[in-house]
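Derivation of every value follows stated rules applied to the coordinates shown; laboratory data play no part. Note that this is a predicted model, so its numbers are computed, not measured. Glycine gets a Cβ as well: all are built from the backbone with ideal geometry, and neighbour counts include every protein chain shown.
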Number of protein chains: 2
Amino acid sequence: MTEPVVSVGVDLLAQAVADQAAPVTRVDWRPPMPGTEDDLATVALDPVRPEADARALERMLGVQALLVDVLPAHEAVGLERGEFMHAGPPISWDRASGPLRGALMGGAVLEGLVDTPEEAEALFEGGLHVRLEPCHHRRAVGPMAGVVSPGMWMFVLEDPATGARTHCTLNEGLGKVLRYGAYSPAVIERLRWMGDVLGPLLQRAVRSADPVDVTAILGQMLQMGDEAHNRNRAGTLMLLRDLGPALVASGADARDVAEALGFVGGNDHFFLNLAMPACKLALDAARGIDGSTMVVAMSRNGTDFGIQVAGTGDEWFTGPAQVADGLYLGDFGPDDANPDIGDSAITETAGLGGFAMATAPAIVRFVGGSVPDALATTRRMREITLGENPRWSVPVLEFAGVPTGIDVSKVCRTGILPQINTGMAGKVAGVGQVGAGLVTPPEEIFPKALARLAELTRGRAAARTPA
Amino acid sequence: MTEPVVSVGVDLLAQAVADQAAPVTRVDWRPPMPGTEDDLATVALDPVRPEADARALERMLGVQALLVDVLPAHEAVGLERGEFMHAGPPISWDRASGPLRGALMGGAVLEGLVDTPEEAEALFEGGLHVRLEPCHHRRAVGPMAGVVSPGMWMFVLEDPATGARTHCTLNEGLGKVLRYGAYSPAVIERLRWMGDVLGPLLQRAVRSADPVDVTAILGQMLQMGDEAHNRNRAGTLMLLRDLGPALVASGADARDVAEALGFVGGNDHFFLNLAMPACKLALDAARGIDGSTMVVAMSRNGTDFGIQVAGTGDEWFTGPAQVADGLYLGDFGPDDANPDIGDSAITETAGLGGFAMATAPAIVRFVGGSVPDALATTRRMREITLGENPRWSVPVLEFAGVPTGIDVSKVCRTGILPQINTGMAGKVAGVGQVGAGLVTPPEEIFPKALARLAELTRGRAAARTPA
């Protein structure tokens, strides 16, 4: 791939940001993460790696995510009574954070397993009649707590070239919502309406309209100030535009249609739950490529932050989730915030969110930071990624593609950590959202993944050496 | 007004653009326009001017434009059979350009005054049974040819503080449309559907929903890559969001509602026809302020470019409209383009369009130019404006307000002309749109306006001098 002409402008614009004396980290050279030198050398010399990384990136960029259906979770991913999915790497109730517990409690009430959230605590502590499993293990992703129960409706995304599918629940809005760990009667009532009215309505519209091209909408969003993690305003509006006529023509009750349009239109984050599974669909195509050092998932359960890598199968490399640095709602402050939670960092893994901050300078009013920081962040992420996504370009950086395909070895070599824009949940179950901010993964998970990649490299080398 | 802190970033970012060797004109000092020195000195010393300009800007910035109704033109602005409004300063049929003639011919067919566009030529040449009048003379604005006939439906915008109103037709979409001078049967058929179905539907929805705050949507659009002249994509989507539920709940036939949603959603420019009257409503509030050098209208009829100024009443200062420099559709080229046409430069007059290009770098793919040019243009317009609009801010320029309130004396003193983003109509009647591009007013109209301002200044001074 030849270097695009526009990169001259990009570098100079970044230089300009630095000239403004903003706190820009110079990225020309930094020492590698301590203790990674040997593993870096091993992986760098792996003859399999260059082609494996190129294939991982190519596969990922080749995926088109179409919205093809809306189904209850028990149909979409085969979830059965008593089974719950959650965000992040695997975790048990005893280690679960407040917001994850709160969302599970609300989910148990919604499913009729218990009558009150309080009874739900005993249910999950007993553990006999319930089972927890990461969304990622069932071709799904979930924002924040990411709790999915069998009766919740999910978007179904499909790559037409391969038939591969991913799934995500419908977004509830902001504030007191299940995914932030709230479980009040109003939360449950909203979820019931979403199951009884919104889900079936969307199913009818999606089945009768042309498939919504989520990948293409993501491209448009980046021209419209959305970075598709904490800003999904334009995306939500384009979904309304694409499904509106089919919703109206569905023959459903006009009051229900009007209520559905109002609900979606009143929730700027509605599209997040399409952006996330679109990113997962792209990244799943790069899983299981021996020798590739590309990250295919970054995910948090509120306790642990985990990554998965193309060349290391389904293994999770985990460390403690960090508390975001950002802006708080109302009277909330840092003491109220739970550590980082949610599968939504799949957007950054695919080059959106924090990686695309330059295209969404207005995001700094939501997550904190400054406009020059936003421009500098996108540039910095180019130091740890394998390439650019030509379908997702940033106008203000002269249409450069977003930095895409986080390379474990580049992260270890530079010490630059992926930048994530995120919402913050209250650490106490039931509280809901307390803010939004900026966060990075715990540093140690990248050397862990690198060590495993190096071990596999050495194994391949040994297998090639004649006995 | 104190200089906002953010301007440091703005200046440095502009510096960065200059550093990139883009064709940026340094604006520190330029010679005044030839022959304006005496008038500039006179106006500069006018004791009335500072307060008059401050009042003009304040009045303009104080206006809130709400969409309160949708009405046929005969009800909205009292247009009677045989009367037609058009864009720009006053003009007669014999001097009218191709696209204006084409739009008038189509309008005469739509109104049933003639059976064919060809018969319409004779009708307008005769002139006995028709009357032409600028939109601006009836509290209205029209994009491109701007032709309005009595049966066309119009948006009605109102400032709740004063009850002042402005009006604009409904946008037809792109390509072969009346406003670009096309008049084929398909054009007339679309206009009939807009009159029979779309207008009445929108009326029902607007009357039953909360008033749509067009001024606030414009603020949101600037966070979403629209400059509200040639990009109105986010604005159109927000209008759909705001009116969708009321359209559905209106009780109208579901097929008509679905068709209306599809028509609006399929036309990214639909919101232009709300942006324009919102700008006019703001600028009309600044009309008739003795001593103010602020431009309150820039407008073109396809032959002449005219401006009106706060301190000179309803007088037009005109010169020949220029051909835009830009990008052409299909096989069209510069020889096919008509000179600049339309009331849409009211957006630039209010600080949007070319003045807000920095917030819409993707616009360069539609009108030509480069991304650094877009950033530099917004900065350059600060040299000829009285202030900023805090409600309409540009995120990438660290939330600086758009440059607002073109000052005739600053234009003459710097020689910097207002930058306009515009569509290009084919010069032959019936052709339709041929491209989009960048254009400026003819230079001589600003010295003309300045001369009149100086004359009025001298008159005031003489009146103050004891006899």
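Quick notes on this one:
- Evaluated over the Cα positions of the range A:77-145, the convex hull gives a direction-averaged projected area, one quarter of its surface, of 4.2 nm².
- The equivalent ellipsoid of the range A:341-467 has semi-axes of 31, 21, 11 Å, largest first, where each one is the square root of 5 times an eigenvalue of the Cα gyration tensor.
- Rg/Rg_globular for the range B:365-413, with Rg_globular taken as 2.2 N^0.38 Å and Rg from C-alpha atoms: 1.23
- Taking a straight Cα-Cα cut-off under 17 Å and skipping sequence neighbours fewer than 8 places away in the same chain, the aspartates and glutamates within cross-link reach of A:K176 are A:E189, A:D268, A:D331, A:D336.
- What you get for the protein assembly as shown, charging only the Cβ of Lys and Arg (+1) and of Asp and Glu (-1), is a dipole of about 340 debye around the Cα centre.
- Tilt relative to chain A, helix A:445-464 - C-alpha long axis, 0 to 90 degrees, to 10: 60
- Copy-to-copy label separations for B:G173, where each label sits 7 Å from Cα toward Cβ, in nm and ascending: 3.5
- Amide H partners (placed H, <5 Å) of A:L79, local residues excluded: A:H74
- Across peptide A:389-396, the average count of Cβ atoms from other chains found within 10 Å of a residue's Cβ is 3.
- Extent of the protein assembly as shown along its three principal axes (Cα atoms, max minus min coordinate, largest first): 105, 60, 56 Å.
- Pairwise Cα distances in chain A exceed 28 Å in 49 percent of cases.
- For the range B:326-332, the Karplus equation 6.51 cos²θ - 1.76 cosθ + 1.60, evaluated at θ = phi - 60°, returns couplings of x, 10, 10, 7, x, 8, 5 Hz by residue, with Gly and Pro reported as x.
- Kirkwood hydrodynamic radius of the range A:137-180, from inverse mean 1/r over distinct Cα pairs, in Å: 11.6
- Principal semi-axes in Å for the range B:162-259 [√(5λ), Cα gyration tensor, largest first]: 23, 20, 13
- Size of charge dipole - chain A - debye, nearest 20, with Cβ of Lys, Arg +1 and Asp, Glu -1, no other charges: 500
- Electrostatic dipole magnitude of the range A:66-277 [Cβ: Lys, Arg +1; Asp, Glu -1; Cα centre; debye, to 20]: 300
- Selected from A:A234, A:T116, A:M224, residue furthest toward positive end of dipole (the range A:66-277; charges at beta carbon): A:M224
- Computed from phi, the 3J(HN,Hα) profile of the range B:382-399 under the Karplus parametrisation 6.51, -1.76, 1.60 (θ = phi - 60°) reads 5, 6, 10, 10, 7, x, 10, 9, x, 7, 10, 10, 10, x, 5, 9, 6, 6 Hz, with x in place of Gly and Pro.
- Loop chymotrypsin sites (Phe, Trp or Tyr not before Pro), the range A:287-346 (other Cβ atoms within 10 Å of the site Cβ: 13 or fewer; DSSP): none
- Projected label distance in nm at B:R365 and B:D196, using a 7 Å step from Cα toward the beta-carbon: 3.7
- With label points set 7 Å from Cα along Cα→Cβ, the inter-copy distances at B:A216 are 3.2 nm, sorted shortest first.
- Semi-axes of the equivalent ellipsoid for the range A:252-322, Cα gyration tensor, largest first, Å: 36, 16, 8
- Residue-by-residue Karplus 3J(HN,Hα) for the range B:356-370, coefficients 6.51, -1.76, 1.60, Hz, glycine and proline x: 10, 4, 4, 8, 10, x, 5, 4, 5, 6, 9, 10, x, x, 10
- In this structure, the residue pairs whose Cα-Cα separation is over 20 Å, taken from B:K410/B:K448; B:K280/B:K427; A:K427/A:K448, are B:K280/B:K427; A:K427/A:K448.
- Along principal axes, Cα extents of the range A:64-220, largest first, whole Å: 46, 29, 27
- For the protein assembly as shown, calculated [θ]222 nm from helices alone, where every DSSP H run of n ≥ 4 adds -39500 (n - 2.57): -11000 deg cm²/dmol
- Calculated on the alpha-carbon coordinates, the convex hull of the range B:331-407 measures out at 105 cubic angstrom per residue.
- Taken residue by residue and averaged, Cβ atoms of other chains lying within 10 Å of the Cβ of A:232-241 number 5.
- For the range A:66-277, DSSP calls about 75 percent of its internal beta bridges antiparallel.
- Inter-part distance where the range B:278-351 and the range A:379-423 are each reduced to a Cα centre, Å: 43
- 7 Å along Cα→Cβ, label-point gaps from B:W29 to other copies, nm, shortest first: 4.6
- Within chain A, longest stretch clear of exposed GluC sites (Glu not before Pro) (DSSP loop, no more than 16 other Cβ within 10 Å): A:81-314
- A full extension of the chain between B:L128 and B:R460 corresponds to an added length of 115.3 nm, given 0.36 nm per residue minus the alpha carbon distance.
- Taking amide H as placed 1.01 Å from N in the peptide plane, B:G288 has its amide H under 5 Å from the amide H of B:T312, B:G313, each at least 5 places away in sequence or on another chain.
- Scanning residues 5 or more positions from B:G415 or on other chains, those with amide H under 5 Å from its amide H are B:M33, with H placed 1.01 Å from N in the peptide plane.
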